[in-house]
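One structure is given below, encoded as structure tokens.
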Number of protein chains: 2
Amino acid sequence: MIDFTPKKLPKQARSRASFDAIIEASAQLLSGGTYEALTTNHIAQRAGVSIGTLYEFFSNKETIIAILAERRMQALVTVMQNALIPASSMRPWEGVAHILESAVATMVAERDVYHALLRQIPFVRQLPAVRASRAAMTDFTQMIRVRSADVLNLPAPEMDAWLISQMLSNAILEIAFRNTDAATRAVLTRELARLTYRMAVGRDPEAG
Amino acid sequence: MIDFTPKKLPKQARSRASFDAIIEASAQLLSGGTYEALTTNHIAQRAGVSIGTLYEFFSNKETIIAILAERRMQALVTVMQNALIPASSMRPWEGVAHILESAVATMVAERDVYHALLRQIPFVRQLPAVRASRAAMTDFTQMIRVRSADVLNLPAPEMDAWLISQMLSNAILEIAFRNTDAATRAVLTRELARLTYRMAVGRDPEAG
DNA sequence: GAGTATTCCGAGTAATTGCTTGGATTACAA
DNA sequence: TTGTAATCCAAGCAATTACTCGGAATACTC
């Protein structure tokens, strides 16, 4: 729909630093304020750059936070992909738990930023990287199914995959944004993995 | 946090009509536009009322849509509660399916309004009625558990209840906002009920 | 070192928009 | 009927804010 690519890409080291500073300044401001209160002049100021420079590279405000969102969501996918390696040698539901835990941890480290992006800015949900992260979620749940011997088949596999990935991605947000201690979050995340196993496989992972 | 009660309540029939017109005009404008494009002057115009009258009863723009949101979410809870009666004489997972179906149907009938409220306006999530609707969701999933004979116990019942209700409420939004035909939506909703049964009980409803 | 491209600057503009205000109308009560 | 409260009106204010523009400063190239 909308084009969220930069107006112009920085070509020298100096402007590359400015470009980055602008994006990270936005993150800083989002974490500690609302999206509503975020203004381009503030961003420029925080980035130590003039407003003119800002508009040299970004054609509008949305582009800035779109790029920020892409960065963070890409980071999230990478974290999950890296967690996939150790996960594959665990028991299926604990592997998923491990993947979910790393995702949650990544978001918790920048809770307010992720919260602002995913819960306060409508168009972020439509960005490619966000969709990609959801697709990754589908892959990971597939892992449970293929690695579990006797899977009770569901009548509509694609629909179930879609439903489960939607529920999972939403649930990890709820856990990450929730206001509790790390221990509770950990238990919640493991329980989530267990519930996911129940959904995908049709029985409890600890059941005979 | 913020006080979203009307500035003044209408006392005569005439103003009661204006009050209502303002709220429903907001709904009309939300359905067919974005929240961003919603202005108080537009609302007044659509309601056939002057901007002065609008501010006679509502102290600010947020209050208007907060009241609209409360109305719609209350309607949703009512629909679900009414669906509870026939549901109680069905097999557990089909009872839940029935409840979810009525919830989805209610939202689909005003898709854009619910979408705008719940996905474009950050503060709506914090309104009492929205929280209440989530609480209702918890109750309904409890229904499955208590009516299913041999339930595999989960280690942390409250956490699981919370997780399941979060996932359910998010999932019905995803289904309702999804761009498909009614038949697909119906299948998705039933599948969701089935997955919920799997989560809550620990086995498939159709399994021996 | 001249010439060109890139980067930076920040005062100012244009447009939007939530909301006020002072007064006109209408309903109700005694 | 008369006084009071409720309701309605819309021009316009005040504040915000995304973005432009003309030009200065800095970096690259030959």
Discussion item. In whole percent, and with a 1.4 Å probe on the protein chains, what portion of the accessible area of the protein assembly as shown is carbon and sulfur?
Written reply: 54 percent
Item to complete: Whole Å is fine, so just give me how far the alpha carbon centre of segment A:1-78 lies from that of segment B:84-134.
Response: 37 Å
Response to the item:
Residues hit by the 10 Å² burial cutoff in segment B:167-184, accessible area with a 1.4 Å probe, assembly against chain on its own, are B:167, B:170, B:171, B:174, B:175, B:178, B:184
Worksheet item: In nm, to one decimal, how far is the modelled label at residue A:146 from the one at residue B:89, with both set 7 Å along Cα→Cβ?
Response: 4.8 nm
Discussion item. Need one word for segment A:102-208: rounded, prolate or oblate. Basis is the Cα gyration tensor (sqrt eigenvalues a ≥ b ≥ c); a/c below 1.5 gives rounded, then a/b vs b/c decides.
Written reply: oblate
Discussion item. Can you find, among A:45, A:78, A:32, the residue sitting farthest towards the positive end of the charge dipole of chain A, where Lys and Arg contribute +1 and Asp and Glu -1 at Cβ?
Written reply: A:45
Worksheet, complete the sentence: Sorting from shortest, the nanometre distances separating the label point of residue A:90 (7 Å past Cα along the line to Cβ) from those of the same residue in the other copies are 3.7
Fill in: Protein heavy-atom accessible area occluded, B/A pair - total, 1.4 Å probe, Å²
3200 Å²
Item to complete: Could you check the simple spin-label distance between residue A:46 and residue A:119, using points 7 Å along Cα→Cβ, in nm with one decimal?
Response: 1.8 nm
Discussion item. If you count only protein heavy atoms with a 1.4 Å probe, what accessible area per residue comes out for the protein assembly as shown, rounded to a whole Å²?
Written reply: 45 Å²
Discussion item. Rounded to the nearest 20 debye, what is the charge dipole size of chain B about its Cα centre when +1 sits on each Lys and Arg Cβ and -1 on each Asp and Glu Cβ?
Written reply: 420 debye
Worksheet item: Treating the beta-carbon of each Lys and Arg as +1 and of each Asp and Glu as -1, no other charges, what is the dipole magnitude of the protein assembly as shown about its Cα centre, to the nearest 20 debye?
Response: 620 debye
Fill in: Peptides ranked, highest mean first, by Cβ atoms within 10 Å: ranges A:137-143, B:82-88, B:186-192
B:186-192, A:137-143, B:82-88
Fill in: GNM result for chain B, Cα springs below 10 Å: residue of B:50, B:31, B:169 fluctuating most strongly
B:50
Worksheet item: Over all residues in A:193-206, what is the mean tally of Cβ atoms on other chains that come within 10 Å of each residue's Cβ?
Response: 6
Worksheet item: Peptide B:31-38: average number of partner chain Cβ atoms within 10 Å per residue?
Response: 1
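The values are calculated or read from the model by the stated rules, or taken from the named source; none is laboratory data. Please read these numbers as outputs of a predicted model, since none were measured by experiment. Heads up, the Cβs are rebuilt from the backbone with ideal geometry, glycines too, and the neighbour counts pull from every protein chain shown. Surface areas here come from the heavy atoms of the whole protein model, side chains and all, with no ligands, DNA or RNA. Shrake-Rupley method; radii C 1.70, N 1.55, O 1.52, S 1.80 Å.
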